[in-house]
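First comes the structure, then the notes that go with it.
Nothing in this text is a laboratory measurement; each read-out follows from the coordinates by a stated rule. This is a predicted model, so every value here is computed, not measured. FYI the Cβ positions are ideal-geometry reconstructions off the backbone, even for glycines, and counts take in every protein chain you see.
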Amino acid sequence: MIQRASVRLVPLLALVAQGSTSAFAPLLLEPMTSAWRRHASTFDEESYEKDRLTKDGQAMDAMKAKAEEEFSKLRTPWKWVIRKRTWDLMEEKDIARSPRPVHHRIPNFDGAEEAAERLSKLEEFVNAKCIKVNPDTPQRPVRHAALEQGKTLLTPQPRLRTGFFSTISMDKLSPDIAIEQCTNSKGVAKYGTPVTLDDKYTVDLVVVGSTAVCPRTGARVGKGEGFAELEWGILSLQGNLDASKTLVITTVHDEQVVDDIPPGQLTKHDVPVDIIVTPTRTIRVPDRAPKPSGVFWDLLSPQKLAQIRVLRQLKQQIEEREQIELPSGPDEVLPPTASRKNTGENKKRRKNNKNRTDKERKSQEGVPNVKETPAAAKD
């Protein structure tokens, strides 16, 4: 679905002169087979994985260096109360899933696959052609469902630290490449087509991860780094999505649906959701808070801007094009990021818990080897 602004410019201008808009579709849908082949052939998987592990280690060190008392210095300390409570609860009830601990990340949860399956059957998902999905682990089944249904998947580089977005569409790839290979960050980097700020495409649906979400207003709390809001802001600013019409959906565990997110306390850049999907139910938000549009430069601290190259590029483009100086936000203490501890002890604990849960369930049912199904009746 993506075409560089400089590619096939003459035919596009001719179509504009004729007043034709629908005729753009064949050009935008032209296969990118040769592009991904060139990219995949030069992709250094070992270097990518080494770089990823190095950055994860740096993130872990940063988290350890920040103490809990620093939360009070953040812009929205009330969000951290909800985050910490939710993370602690998920670990305590052992509904969290790898990577663990879930603190300082979009938490993976027991039933993520069931939530994704429920989402994949929604009319809004089925009808969408291009879906943006966050790169976090609990939404990996959602990315799989999008590709399985033949959609174009748009996904950001983690923390926007190595680039902007990439797109993947299975009909552009070799038939011997499995969907599962394309649903993690390494697969996206290897098989995806990188997207620039100036590429033209339309996002039909946005799926985000959450730490907690309100069923009344759709207000959500993420992991505290603001990347979902920044990505939404850039896409709406560049005309790649319509902030007034594009739906936002989140998949979470039922325990992540909370009723104590204070109304009216969201900042102006926060993006609420329209639909909440859990393993057992689908919640259509009745009184959704308004959605923002564009990038709020006055909220972007120098520290956050220094983290994200694509934002610096966008700011420079706008300032040079419009001959203005965009505002900057106040200094801030950036939140801690996640540590990654996939230890043998965690794996053993999860296996023991699964065995215990299976035995308890079968004992309650009185029927051996019965697989549970999502409680659709709770919709």
Open item on the list: Calculate the FRET efficiency for Glu319 and Lys55 from the Cβ-Cβ distance with a Förster distance of 30 Å, rounded to the nearest 0.05.
Closed with: 0.55
Open item on the list: Could you give each residue of segment 81-98 its phi-based ³J(HN,Hα) in whole Hz, using Karplus coefficients 6.51, -1.76, 1.60 with θ = phi - 60°, and x for Gly or Pro?
Closed with: 4, 5, 4, 4, 4, 5, 4, 4, 5, 5, 6, 5, 7, 6, 9, 7, 10, 4
Open item on the list: Assuming 0.36 nm per residue, please report the length gained on full extension of the stretch Phe296 to Arg85 beyond their Cα-Cα distance.
Closed with: 73.1 nm
Task: Phi to ³J(HN,Hα) by Karplus 6.51 cos²θ - 1.76 cosθ + 1.60 over segment 105-114, Hz, x for Gly, Pro - done: 8, 5, x, 6, 9, 5, x, 4, 5, 5
TODO: Kindly count the pairs of lysines across segment 186-264 whose alpha carbons are less than 26 Å apart, treating pairs on different chains or eight or more residues apart as eligible.
DONE: 5
TODO: Give a residue-ordered list of calculated ³J(HN,Hα) values for segment 268-282 (Karplus: 6.51 cos²θ - 1.76 cosθ + 1.60, θ = phi - 60°; whole Hz; x for Gly, Pro).
DONE: 5, 9, 5, 9, x, 9, 8, 9, 10, 10, 10, x, 10, 7, 10
Task: Long-range amide H partners of Val207 with built H, under 5 Å - done: Lys132, Val133, Asn134, Ile249
